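Here is the structure we will look at, set down as structure tokens.
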Amino acid sequence: MENATLKRSLGLWAIVGLGLGYMTPTIVFDTFGIVSKETNGVVPLAYITALIVMLFTAISYGKMVKVFPNAGSAYTYTRETMNPHLGFLVGWAALLDYLLLPMVNALIIRIYMVSVFPNVPAWIWVVAYVAGVTGINVWSMGKTSNMNTILVAFELVLIAAFLVLAIVQFSHGMGKGTVITFDPLYHSGVRLSAVLTGATVVCFSFIGFDAVTMYAEEAKDPKIMPKAIMLTVFIGGAVFFIASYFAQALFPDVSHFKNTDDTLPQIGLYVGGTLFKLLFISGAFAATVASGLASHASVSRLLYVMGRNGVLPKRWFGYVHPKFRTTLGM
């Protein structure tokens with residue numbers, strides 16, 4: 001039992017898919033109104049700025065995972081290169097991030113389900129969601145990856161549908177009336193300070209690519225990890241940029257939106273009508289579940305490594321199931 005190790009079952013694209021699932025591609029539409037208002041209508045420029053910063057971070061993670069091909073991410077790197085005690089502090093700081101997102105996803109699922117089934121007690125949805133996600137993660141990392149891939153693919157299909165519908169709306173004169181315009185990237189009244197402020201907001205969209213390093217001990221070949229990190233950032237950044245460019249060209253300002261805090265449903269309604277709005281919301285639901293699967297798997301691996309190192313109780317957190325070869329860290 002003590003000799004059991006995590007199963008090396010993940011290929012390059014499975015790991016990239018988990019990173020994209022964690023990043024939640026549809027979040028670009030949720031935060032669009034906030035960032036558009038903050039940047040005076042240059043959301044794509046904010047994403048480019050954030051992407052440049054994230055690329056430097058991704059390169060750093062790629063270098064570190066090549067030297068230390070173990071789970072644990074920043075906790076492991078700090079522990080091995082600096083000091084175990086400092087690693088302990090970094091590990092606990094990282095847990096604040098890694099533990100928060102699964103809880104947020106559970107609350108978002110509860111909000112969705114209560115809106116559809118108002119007569120069912122809200123706590124039932126939280127318990128069912130947590131039990132389902134935990135069960136899939138414990139059963140098999142391969143199953144987690146497969147489910148995540150399906151959900152991410154569904155998100156990307158809906159984003160592609162949005163792009164097609166946007167082109168149709170351009171032909172009808174909506175927004176800028178053309179796909180080719182420089183206004184979403186720069187126009188009069190745009191200030192650098194506002195763009196940088198918007199970039200700090202959209203950096204939230206990239207949360208997850210660093211969590212890819214948590215799967216280093218489950219990669220079929222540890223050498224693919226740096227490539228997986230870079231692909232996750234590049235693909236995620238490309239999706240964010242293209243989607244935000246089309247959205248900004250359609251909605252040059254926030255005057256169309258009644259609520260700028262969450263513009264995804266309104267964007268779906270204006271672009272494709274009520275049916276597409278419902279599909280778009282279902283895509284956001286799928287994105288939340290995919291993010292929950294990936295984030296749940298990531299935090300359990302961090303807890304596992306900390307348990308294996310004796311930072312947390314080894315009996316509970318450093319355990320690997322001898323049959324499933326998954327960690328029961330959560």
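The values are calculated or read from the model by the stated rules, or taken from the named source; none is laboratory data. What you see is a predicted model, and the numbers here were worked out from it, not measured in a lab. Glycine also receives a Cβ, built like all others from the backbone with ideal geometry; neighbour counts cover every protein chain displayed. The area values use the complete protein model at the heavy-atom level, side chains included, leaving out ligands, DNA and RNA. Shrake-Rupley method; radii C 1.70, N 1.55, O 1.52, S 1.80 Å.
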Is it the case, given these coordinates, that LEU196 is open to solvent by 50 Å² or more (accessible area, probe 1.4 Å) and either under 20 Å from GLU38 (Cβ atoms) or part of a helix (DSSP H, G or I) (or both)? yes
Lone unmet requirement of (1) closer than 15 Å to ALA249 by Cβ; (2) without any contact (Cβ under 8 Å) to a residue 24 or more places away in the chain; (3) assigned to a loop (DSSP other than H, G, I, E, B) for SER188: (1)
Matching entry among GLY268, GLY236, GLY273 (being part of a helix (DSSP H, G or I) and without any contact (Cβ under 8 Å) to a residue 12 or more places away in the chain): GLY273
Out of curiosity, is ASN119 of a type outside the set (A, V, I, L, M), surrounded by fewer than 16 Cβ atoms within 10 Å (Cβ to Cβ) and assigned to a loop (DSSP other than H, G, I, E, B)? yes
Applying the selection to segment 147-185, what residues are in contact (Cβ under 8 Å) with a residue 12 or more places away in the chain and of a type outside the set (A, V, I, L, M, F, W, C)? ASN148, THR149, GLU155, GLN169, GLY175, LYS176, THR178, THR181, ASP183, PRO184
Some residue of segment 4-19 being under 22 Å from GLY236 (Cβ atoms), open to solvent by 20 Å² or more (accessible area, probe 1.4 Å), touching a helix residue (DSSP H, G or I) at 6+ places or on another chain (Cβ under 8 Å) and β-branched (Val, Ile, Thr): no
Residues of segment 70-114 being among the hydroxyl-bearing types (Ser, Thr, Tyr), surrounded by fewer than 21 Cβ atoms within 10 Å (Cβ to Cβ) and at pLDDT 85 or above, which ones? THR81
With the structure loaded, tell me whether LEU250 is open to solvent by less than 50 Å² (accessible area, probe 1.4 Å) and of a type outside the set (Asp, Glu) or whether it fails that test. yes
Residue that is farthest from VAL289 (Cα to Cα), among those in segment 90-115 that are without any contact (Cβ under 8 Å) to a residue 40 or more places away in the chain and touching a helix residue (DSSP H, G or I) at 6+ places or on another chain (Cβ under 8 Å): VAL90
Can you find a residue that is surrounded by fewer than 22 Cβ atoms within 10 Å (Cβ to Cβ) and among the small types (Gly, Ala, Ser) anywhere in segment 48-69? yes
Can you tell me which residues in segment 246-263 are closer than 17 Å to GLU38 by Cβ and in a helix (DSSP H, G or I)? ALA247, GLN248, VAL254, SER255, HIS256
Would you say THR149 is hydroxyl-bearing (Ser, Thr, Tyr), open to solvent by less than 40 Å² (accessible area, probe 1.4 Å) and farther than 20 Å from PHE241 by Cα? no
Take segment 278-330 and flag every residue that is open to solvent by less than 10 Å² (accessible area, probe 1.4 Å) and without any contact (Cβ under 8 Å) to a residue 60 or more places away in the chain. GLY307, GLY329
Selected residue (criterion: farthest from GLY272 (Cα to Cα)) from residues of segment 137-146 that are open to solvent by less than 80 Å² (accessible area, probe 1.4 Å) and in a helix (DSSP H, G or I): VAL138
Just a yes or no: is a residue in segment 262-282 of a type in the set (Val, Ile, Thr), over 22 Å from the mean Cα position of the chain (by Cα) and modelled with pLDDT of 90 or more? yes
Conditions (1) over 23 Å from VAL299 (Cα atoms); (2) part of a helix (DSSP H, G or I); (3) of a type in the set (S, T, N, Q); (4) open to solvent by 60 Å² or more (accessible area, probe 1.4 Å): number failed by GLN169: (4)
